[in-house]
Every structure is written in C-alpha cells, then in structure tokens.
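Below is one structure; the comments refer to it alone.
The values are calculated or read from the model by the stated rules, or taken from the named source; none is laboratory data. It should be emphasised that the depicted structure is a prediction, and the values quoted were computed from it without experimental measurement. So basically every Cβ, Gly included, is an ideal-geometry build from the backbone, and we count neighbours across all protein chains shown.
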Amino acid sequence: MEFKLLIKKARKGDKDALLQLIMAQQADYYRLAYVYMRNKEDALDALQDMIIILYRNIFRLKKEESFYSWSRTILVNCCKNKLRNQNKNTSFYQVEDEAVDGVYMESEDRIVLEKHLSGLSEIHREVIRLRYFLDMDYQTISEILKIPVGTVKSRLNLGMKKLKESFGGDIDGEY
C-alpha cells in the first residue's frame, strides 16, 4: 500500500495502517531504542510507548513525508523519559551480551567502550551512539534531537576528543 495512503488512513484512526507504517521500519526503530535502553525488554517497552503516542497524536502530523523523523523523535523522547522515570543508570557491566545487527562489537570490546563512554556527558554519548552505532547522518540526528546540525557536529567532535583522551589518545583513524 502506498505510503501517503497509509498516512491518511492512520490519521483517520486506522490502527492497521499505522502498524503497517511502523512495521516497515521496525528494525530501525528497534535499533534506535536499543542504543538508548541497552536491553531488549526496555527497548520494546519504549517502542510500545511510541506506538501509543503515535496513535493518539497522528492527527498532529503536519507533513506526511515527516512521519519517520517525527516518529523517531517520539521514540527518542520515550526512551529518555523511561530512563529518567526509572532513574536508571545502567553500568557497562549490566549490558546484555545481545548483539543488534552490528550495533555493538564483541563482548570485551563492548565493555571497554561502554566504560569509556560512561565517562562522557549524556549529550556527547547520545550523538556518538546515533552517529556511529546507528550510522545516522548529521541531519537525521539534528531532526531527532531537535538541535542545529552545527551543534550535532560540535558535540560529536568534542565527544570524540574526550573519548580519545579517555583511551589515552590511542584511537587510530578518523572520527
């Protein structure tokens, strides 16, 4: 079924049309939620919250072509709210050994990386995860976080510098 037709049906309250839109990007949504929540159950809970919010607010969508960026922003906000409400500070030792399509490396490397990432501020961890774990471009990150592209680049640059310092300056290659 055509994308715009599904959006129109979803706006009229058609749950199946909304689910078809979500299922078309389900892997991307899951990876995004997993990067924030860092475990399967919490990622799925955040996705469920996103679907409820989308269903209740689809009529507010102004541009049909913005559906996926709008829904990703809602998902990010659901993840952040869940983390804030649960006062959840998952240490790098609690991260499951579950891999999500290359989102994380081997277990030992992941533990080391999480240890170094935990030393960064949340705003720097966030852009690093979105850029390098999910391979999002600057514009997409900007839209999801509702910040200018220049701010995304600045946070990424500073975060990578701090990460490099944390590793002792031994990170090879470009970032």
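Would you pick out the residues in the stretch 1-56 that are within 29 Å of R131 (Cβ to Cβ) and among the aromatic types (F, W, Y)?
Result: F3, Y29, Y30, Y34, Y36.
Here is a list: K9, K62. Which entry is outside the structural domain of V127 (by TED's automatic domain parsing) and at pLDDT below 90?
The unique qualifying residue is K62.
What number goes with the only condition from (1) closer than 18 Å to Y30 by Cα; (2) among the polar types (S, T, N, Q); (3) at pLDDT below 80 that N77 does not pass?
The one condition N77 does not meet is (3).
Could you tell me which of the residues L120, L158, L163, L113 is among the hydrophobic types (A, V, I, L, M, F, W, C), surrounded by 13 or more Cβ atoms within 10 Å (Cβ to Cβ), outside any helix (DSSP H, G or I) and more than 16 Å from the chain's Cα centre (by Cα)? Don't jump to the end; show me each part of the working.
On the way: L158 fails: outside any helix (DSSP H, G or I); L163 fails: outside any helix (DSSP H, G or I); L113 fails: outside any helix (DSSP H, G or I).
The conditions single out L120.
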